[in-house]
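Working notes, beginning with the structure itself.
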Amino acid sequence: MEVDKDFVTRLPKAELHAHLTGSVGRQTLHDVWLQKRADGQCEDLEDPLIAINPGMDFVDVMSFFPLFDTYVYALLNDVASIKYAAKRVIEEFAADGVVYLELRTTPRECIETGLTKDDYVQAVNSVIAEANAASIKDGFRNIEVRLLLSIDRKMTAEQAMEVIDLASKYQFTPKTSSCGSQKTTSGQVVGVDLCGNPIRGDVALFTPAFRRAKDLNLSITIHFAEVPQSGTIKELQVILSWEPNRLGHVVHVPSEIKEVLKQRKIGLELCLSCNVLARLTTGGYEMHHFREWSMTENPIALSTDDVGIFGSPLSNEYLLAAHYFKLGSQQLIDLSRSAALATFAGKERLIRLIDQFQSKYNIETNGEISGDK
Ligand SMILES: CNc1ncnc2c1ncn2[C@@H]1O[C@H](COP(=O)(O)O)[C@@H](O)[C@H]1O
């Protein structure tokens, strides 16, 4: 079967590294902007269709992080706009053939609109709960979505602990939690993340927060060695002491640390377009470390990172992998299966969907009636 846009879209995929705000498309931001302007707000903000450049072949990391703080957060600053944007993001991932999505986001407040961090998480959590309930009600679960809460490297230890408190409050429990705890019954949070500008902060500050996350049975994923400054053995050893379940980016990893990652067979979230367009790697797609890690036993989840900024949906990341690493259709199915192994929830359903796809694929390509491989 030919590897083309149709094939990579139909392939059931897991997206495991997607920042909610970075995944909001320009058109969605534009719609919010128009609405706010009509309400007499955001008059000093430029139209997102102009402020955010589409199809860029280079994203300057120095202006990348401030874009959120100075621009997008000013636009998505109340419950209505946050819910609208989150819903659109989920719909767009679903339309791209993502059947399991872990969205991550940083709890934030807005003094101007009175939005609290709890309001923020509640808003995103409720959109996710509705998306999951809607797809169950419709009889076919096209997408299952779970939430990860991010600690930003610029936070204090107390702020990081506040994120863990919120993660605990909105923690996903397959059954209603017992013993009168403060968890919400429709919590969607399955894990926590460490993100933000990688040249900032001392990660050791967050050890108590991640220890507590472990104690609460929250899964942990960490932005790991994104730039040379955050790829020191000292920093990476601190992070590994938190026993993360997955790592994101893994660009500038010293060889002795690579050995630890291989021994632990830790899941890796690899973001081709982000790394190449933001020049976190050198040598373009051909030289991306996907090639090296694909030869190990570490599960790999190709991921988009910030599709609103980098403009490459997950289906396109699979196409890029096919093109630059000479992967055929069966290898792309195997890659999707590899991502399934690294999920924090929903594994059985996802593997079942991939198995069904595999069976149809076998029939179409070889006329085989059974067999999962
Ligand atoms: C190069 N890739 C990256 N590396 C590190 N952190 C990143 C990131 N891309 C996004 N973020 C983090 O995610 C926030 C936006 O989404 P949320 O408001 O949390 O939904 C950014 O402010 C940044 O802290």
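We did not get these values from a lab; they are worked out from the coordinates using the rules stated. Note that this is a predicted model, so its numbers are computed, not measured. Every residue, glycine as well, gets a Cβ built from its backbone with ideal geometry; the counts of neighbours run over all protein chains shown.
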The stretch 271-324: GluC sites (Glu not before Pro) in DSSP loop, at most 13 other beta carbons within 10 Å:
297
Any idea what the dipole of the chain comes to, in debye rounded to 20, about its Cα centre with Lys/Arg Cβ at +1 and Asp/Glu Cβ at -1?
1080
For residue 183, counting only lysines whose alpha-carbon sits under 20 Å away and dropping same-chain residues fewer than eight positions off, the answer is 117, 169, 175, 214
Dividing the alpha-carbon radius of gyration of the stretch 251-337 by 2.2 N^0.38 Å (N being the number of residues), what value is obtained?
1.06
Amide H neighbours of residue 24 at under 5 Å, excluding residues fewer than 5 places away on the same chain, with H built from the backbone geometry, are 308
For residue 171, list long-range residues whose amide hydrogen, built 1.01 Å from N in the peptide plane, is under 5 Å from its own amide hydrogen.
184, 189
Sorted by Cβ density within 10 Å, fewest first, the residues 152, 39:
39, 152
Name the longest site-free stretch of the chain, where the excluded sites are chymotrypsin sites (Phe, Trp or Tyr not before Pro) in a DSSP loop with no more than 15 other beta-carbon atoms within 10 Å.
141-373
Let me see the pair-distance distribution of the chain: every alpha carbon pair, 20 Å bin width, integer percents in order.
29, 61, 10, 0
Would you pull out the residues with amide H under 5 Å of residue 251's amide H, same chain only if 5 or more places away, H placed 1.01 Å from N?
226
Please sort by residue number the GluC sites (Glu not before Pro) in the stretch 87-124 whose DSSP state is loop and whose Cβ has at most 16 other Cβ atoms within 10 Å.
109, 112
What does the charge count near residue 198 come to, summing +1 for each Lys or Arg and -1 for each Asp or Glu among other residues with Cβ under 9 Å from its Cβ?
+1
Got a sec to turn the phi values of the stretch 205-216 into Karplus ³J(HN,Hα) couplings, 6.51 cos²θ - 1.76 cosθ + 1.60 with θ = phi - 60°, whole Hz, x for Gly and Pro?
4, 9, 4, x, 5, 6, 4, 5, 4, 4, 4, 8
